[in-house]
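Notes to accompany the following structure.
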Amino acid sequence: MLYKVLSLADALSQDFPLSKVMVDLRSLDGVDLDALGSIGAGAILRVDGDLASPLPMLHSLTMPEVVASGDVIRVHPSGQVNVLYRRGANANTLFATERCNSRCLMCSQPPHEEDDSWRIGEMIDLLQLIDHDLPVLGITGGEPCLLGEGLVEVLRAAKRYLPNTVLHILTNGRLFSDRAFVRSFDQAAGQVVWAVPVYSDNAIDHDYVVQADGAFNETLNGLHNLAERGHRVEIRCVLHRQTVHRLRELADFAYWNLPFAEHVALMGLEPMGYARSNRDVLWIDQLEYADTLNQAAAYLWRRGIAVSIYNIPLCVLPDQARPFARKSISDWKNVFAPECQGCTLQDSCCGFFRSAGDGWRSRGIQPVGLRAIA
Amino acid sequence: MTSEAGDFQVLDEATFASFARREPLIDKTTLRNLEAKHLLYKTSPETAVRLLATKLRTRKSFLRGGPSLHIFVVTLGCDHGCHYCQVSRRLHSGGRYDMSLETAAAAVDRLFDSPSPNLTVEFQGGEPLLAFPVIRHIVELIQARNVHEGRQIVFTITSTLHHLTDEILDFMRIHDFQVSTSLDGPRDLHDANRPLPGGGAHELTIEGIQRARQALGQGSVSALTTLTRRSLERPNEIVDEYVRLGFRSIFLRPLSPYGFAKKSERRLGYTVEDYLRFYRAALGYILEINRNGHLIEEAYAKILLSSILTPFPTTYVDLRSPVGSGFGTLVYNYDGGVYASDEGRMLKELGNDTLRVGSVTDAYQTLMRSPAMELLAASGLSETLPGCSDCAFVPYCGPDPAGSLSRHGDPVGHRAESEHCQRHTGLFEILFDHLANGDSATLEIFDNWVHGVPPVVKAAN
């Protein structure tokens, strides 16, 4: 069961179906629960369960601070609670499927082959409960396009419930090599940014990284099919030993062959999932490719393509590359190292993935003094 | 090596020879480079062909919309007596060589017949300012009509700037004119190239440049050099003059062969080799000036480099395939003749009207289906021409039917004797030499010319 957690005032003033609203009464006493029930409120949230309630009641949360007004939660009959949408978070993402048609060496979210098409319905339910002023909503997986017509339905719901929200969808784009499939997404053109990884300027290297023969050609045809139907696309590349050696050439390739891309994201590795088990083929100290990264970013930027660098701490980047770096690590995933004490750039730095142990940190980590930003 | 769409890769001779013999490439980096540039494919060619097709379509997208450069030759009258010019007539011809208002009105109709959403209206002569009332009439007709047409229109004028008045400057400011003048270098050189009764052309031009800059802004005034044989000995002095006068761009074009009187060709003309030797030296000097911190671009290099270093269409109508004549440009001559290019009307002055597409009173469809246009369509695609089709530089180049017509009497001509071909292959060789062997400072200067000088990047956070 999904609920939109709202304060009483928000529940009454905001435009969400009351039957899906869980009124947060943890800091509000003396509310007439019968009246709440009679106006159709779905449930209430209380600190403890010492009060009888005519409405379904959630109480005695193990970590009460995790649920806040505005959030959307999933409540299992067992009492387990998951937060699916968090108001005010720097990133909110729908999880489309665990299935995938690639097996990327560095996948941080390794796929599982099981039927999880129930997620389609849940995503559509969830979309109705998300704040209407949310600027960007992510959709990830697995490979969201494996939902097929289900993804089309999800996007139709997004257009209906969140017409002003940009959907940022992570996909390998391979299935878009089918023009008919691309056409089924015509109504989503403009609202969706398809964020598609291209790991190299050639098929051998790209297909090796994604562990799928023919993937490079499928993805490139997919990108062109999307662009021809007026879709917005972003190019992404995860930086590791198998991709950085032709990063500068990749930038060249993108400018010549994918100049319609509105954004290129160059991303440090997230040491989760397969990335951990493939450390020996993936690991390279960020210092070793920082100059190449700087050149690739500058090359694209001066050709009018927006560039971002994600997941790489500012101290290992050359000065000129730092303006491209973003605070990209979700707030619940990010930490700083002991070396970061006293660093003047910490406020604008992405820091590190919580999951990254010392073994995944560059030897270049060091506090940056005032002199360096002058 | 270049692809059909203009991707390029520099190979050493041994690798090239072995690649041309279809031997397996041992060096994996070269293999990947060639695959990424679509010069080689390993399995199915479909994806490579699709990407090449998209790039080719992009590169040729100047074809959409038809002619966008419309040249109005408002008068042949001129007060200069330049030896290399065969087009202009002396002053005091009683307006006999001025465009009539009826012709002007018909030409404006043809301008708007062109489907292009972007139109450049260029005024030429003679000295066009000697027929300023005609210019005013044309601009006013265009502006009135554009209220409902809604095209993007840019006005430009090529003038000595000797005849500017406050009234003219005001008019140009209101209509946002881009002004192009001729500046051949230091005073003695300029004055020798451009004899005026009583002399002083250089001084008058500089005065005109200053007045125009004051009225229209520094960025709206540019200058072109005409290079005579005298000029070729003095590359640095010519460049220095442009730097001294604060120009950020210099265009080192050779003398157009069409305007020549045969007798002065011997005195003023020069071989392509002479020109290329001059150009190489001048470009080297310009690069040195840039490396020392003064930003000035060489416009010819910028045009060619923009074709080489970007996948986008060239804005330069003189080097397009299909040919810019007619397909990118129409010229309305003072007498009501419509020509496919400026060279076309100069050919006419030499007695050859092959590139006359018709009269301003003809319907646009009639003009575009004229024998002249058919001839240009049949001979204007470099990719199909003997000597061009297998040239490595063909993605960045364009044919020269007017030159071939004047030299050989047919629009295809023969490459080995073509000044146009020798000049451009020479220029491409000079530029690719820099691209292949240049230091990072030179490549950075080229990037600045092509993409503009980057502003300071701001932190996003």
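The values are calculated or read from the model by the stated rules, or taken from the named source; none is laboratory data. Every value quoted in this text rests on a predicted model; they were computed, and no experiment measured them. Cβ atoms come from the backbone with ideal geometry, glycine included; neighbour counts cover every protein chain shown.
Tell me the residue from A:Val166, A:Val154 that is surrounded by 19 or more Cβ atoms within 10 Å (Cβ to Cβ), assigned by TED's automatic domain parsing to the domain that holds A:Leu282 and at pLDDT 95 or above, please.
On inspection, the qualifying residue turns out to be A:Val154.
Any residue in the stretch B:378-387 that is charged (D, E, K, R) and at pLDDT 95 or above?
Looking for residues that are charged (D, E, K, R) and at pLDDT 95 or above, one finds at least one in the stretch B:378-387, hence yes.
Restricting to the stretch A:193-227, name every residue that is farther than 22 Å from A:Arg241 by Cα, in contact with a strand residue (DSSP E or B) (Cβ under 9 Å, 6 or more places away or on another chain) and part of a helix (DSSP H, G or I).
Correct list: A:Gly222, A:Leu223, A:Leu226, A:Ala227.
Which one of A:Ala52, A:Ala11, A:Ala43 is over 14 Å from A:Ile73 (Cβ atoms), of a type outside the set (Asp, Glu) and crowded, with 19+ Cβ neighbours inside 10 Å?
A:Ala11
Let me spell it out: the conditions are (1) away from chain B (no Cβ under 14 Å); (2) buried (at least 19 other Cβ atoms within 10 Å of the Cβ); (3) closer than 18 Å to B:Leu51 by Cα, and A:Leu269 meets all of them except one. Which number is the exception?
Just one mismatch for A:Leu269, condition (3).
Search the stretch A:294-315 for residues being farther than 16 Å from A:Val244 by Cα and assigned to a loop (DSSP other than H, G, I, E, B), and hand back the single one that is nearest to the other protein chains (Cβ to nearest Cβ).
Only one residue tops the list, namely A:Arg303.
Yes/no per residue for (1) more than 23 Å from the chain's Cα centre (by Cα); (2) modelled with pLDDT of 95 or more:
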| site | (1), (2) |
| --- | --- |
| A:Asn257 | yes, yes |
| A:Val264 | no, yes |
| A:Leu282 | no, yes |
| A:Glu288 | yes, yes |
| A:Gln295 | yes, yes |
| A:Arg302 | yes, no |
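Yes/no per residue for (1) closer than 22 Å to A:Asp291 by Cβ; (2) modelled with pLDDT under 90:
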position: A:Tyr310; (1), (2): yes, no
position: A:Ala325; (1), (2): yes, no
position: A:Asp331; (1), (2): no, yes
position: A:Phe336; (1), (2): no, no
position: A:Cys340; (1), (2): no, no
position: A:Cys350; (1), (2): yes, no
position: A:Pro367; (1), (2): yes, no
position: A:Arg371; (1), (2): yes, yes
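So which residues in the stretch A:183-205 are more than 10 Å from every other protein chain (Cβ to nearest Cβ) and either more than 22 Å from the chain's Cα centre (by Cα) or acidic (Asp, Glu) (or both)?
The answer is A:Arg183, A:Ser184, A:Asp186, A:Gln187.
Is it true that some residue in the stretch A:230-238 is in contact with a Pro (Cβ under 6 Å, 6 or more places away or on another chain), away from chain B (no Cβ under 11 Å) and either in a strand (DSSP E or B) or surrounded by 17 or more Cβ atoms within 10 Å (Cβ to Cβ) (or both)?
For the stretch A:230-238, residues in contact with a Pro (Cβ under 6 Å, 6 or more places away or on another chain), away from chain B (no Cβ under 11 Å) and either in a strand (DSSP E or B) or surrounded by 17 or more Cβ atoms within 10 Å (Cβ to Cβ) (or both): present.
Give A:Arg236, A:Arg246 a once-over and let me know the one that is out of contact with any Asp or Glu (no Cβ under 8 Å at 6 or more places or on another chain) and among the charged types (D, E, K, R).
A:Arg236 is the lone residue from the list that is out of contact with any Asp or Glu (no Cβ under 8 Å at 6 or more places or on another chain) and among the charged types (D, E, K, R).
Conditions tested, residue by residue: (1) within 29 Å of B:Arg291 (Cβ to Cβ); (2) away from chain A (no Cβ under 14 Å); (3) free of Cβ contacts under 8 Å to residues at least 12 places away in the same chain; (4) acidic (Asp, Glu).
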position: B:Leu367; (1), (2), (3), (4): no, yes, no, no
position: B:Leu381; (1), (2), (3), (4): no, yes, no, no
position: B:Pro386; (1), (2), (3), (4): no, yes, no, no
position: B:Gly409; (1), (2), (3), (4): no, yes, yes, no
position: B:His424; (1), (2), (3), (4): yes, yes, no, no
position: B:Glu444; (1), (2), (3), (4): yes, no, yes, yes
position: B:Asn448; (1), (2), (3), (4): yes, no, no, no
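Would a scan of the stretch B:167-187 turn up a residue that is closer than 21 Å to B:Leu252 by Cα, at pLDDT 95 or above, among the charged types (D, E, K, R) and part of a helix (DSSP H, G or I)?
yes
Could you tell me which numbered condition A:Ser19 fails, if it satisfies all but one of (1) assigned to a helix (DSSP H, G or I); (2) surrounded by 15 or more Cβ atoms within 10 Å (Cβ to Cβ)?
(2)
Scan the stretch A:239-277 for residues that are assigned to a helix (DSSP H, G or I) and either of a type outside the set (D, E, K, R) or farther than 14 Å from A:Ala297 by Cα (or both) and report the count.
14
Just to be sure, is B:Leu39 among the hydrophobic types (A, V, I, L, M, F, W, C) and closer than 18 Å to A:Asp207 by Cβ? If you could, list the steps in order and put the result at the bottom.
Values: among the hydrophobic types (A, V, I, L, M, F, W, C): yes; closer than 18 Å to A:Asp207 by Cβ: no.
No, not satisfied.
Could you check B:Ala377 against (1) crowded, with 19+ Cβ neighbours inside 10 Å; (2) part of a helix (DSSP H, G or I); (3) out of contact with any Gly (no Cβ under 7 Å at 6 or more places or on another chain) and say which number it fails?
All conditions are met except number (1).
Only one of (1) modelled with pLDDT of 95 or more; (2) touching a helix residue (DSSP H, G or I) at 6+ places or on another chain (Cβ under 8 Å); (3) not in a strand (DSSP E or B) fails for A:Ser69. Which number is that?
The failed condition is (1).
Results for (1) within 13 Å of another protein chain (Cβ to nearest Cβ); (2) surrounded by 16 or more Cβ atoms within 10 Å (Cβ to Cβ), shown as yes or no for each residue.
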position: A:Leu287; (1), (2): no, no
position: A:Leu317; (1), (2): yes, yes
position: A:Ala321; (1), (2): yes, yes
position: A:Asp347; (1), (2): yes, no
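So, in the stretch B:339-365, how many residues would count as being in a helix (DSSP H, G or I), without any contact (Cβ under 8 Å) to a residue 40 or more places away in the chain and surrounded by 15 or more Cβ atoms within 10 Å (Cβ to Cβ)? So that I can check it myself, show each step before the final result.
Taking the stretch B:339-365 as the starting set, the residues that turn out to be in a helix (DSSP H, G or I) are B:342-349, B:364-365.
Then keep just the ones that are without any contact (Cβ under 8 Å) to a residue 40 or more places away in the chain; that gives B:348, B:365.
Next cut, surrounded by 15 or more Cβ atoms within 10 Å (Cβ to Cβ) only: B:348.
Final tally of qualifying residues: 1.
Go through the stretch B:308-332 and give me each residue that's under 21 Å from B:Asn352 (Cα atoms) and either in contact with a Phe, Trp or Tyr (Cβ under 6 Å, 6 or more places away or on another chain) or within 14 Å of another protein chain (Cβ to nearest Cβ) (or both).
Matches in the stretch B:308-332: B:Val331, B:Tyr332.
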